Amino acid sequence: MVNIPQTSSGTFGAFRPQEPKKSFLPYLIGLFLLIILAAGYYFFFYQGLGFSFGRPNLPPPPPLTPLDKKIIKIQDLSVDLFDSPFYKSLKSYGNLPIIADSLGRINPFVPY
């Protein structure tokens, strides 16, 4: 007869599986890719631009077209109507805020 001793450490005796170690490799690869993308962005968009604290020389704007002149005239509309005594004398009927008592039928697709 074979006696198998009972142990408190489980079926496999003293064997305990080791916990997997956390790897920092994905984080390092992500950081490396981020640095490469940032450097690529810098060289693609800012290559050849010098850092200068001087004021840039801007070219003068082009002359206005007839359409631009019409738009400027539309923007000069008078808003004196809102300051007039007639507009201020208008009465507001109802109370604010408006409270909706009924929101309609429960199912609008059902026939009457």
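Here, each number is a calculation from the coordinates, and none is a lab measurement. Computed from a predicted model, the values in this text were never measured in an experiment.
Compared with the alpha-carbon gap, the fully stretched path from Phe86 to Asp68 is longer by 3.1 nm at 0.36 nm per residue. Fully extending the segment from Arg55 to Lys21 would add 6.6 nm, taking 0.36 nm per residue of separation and subtracting the current Cα-Cα distance.
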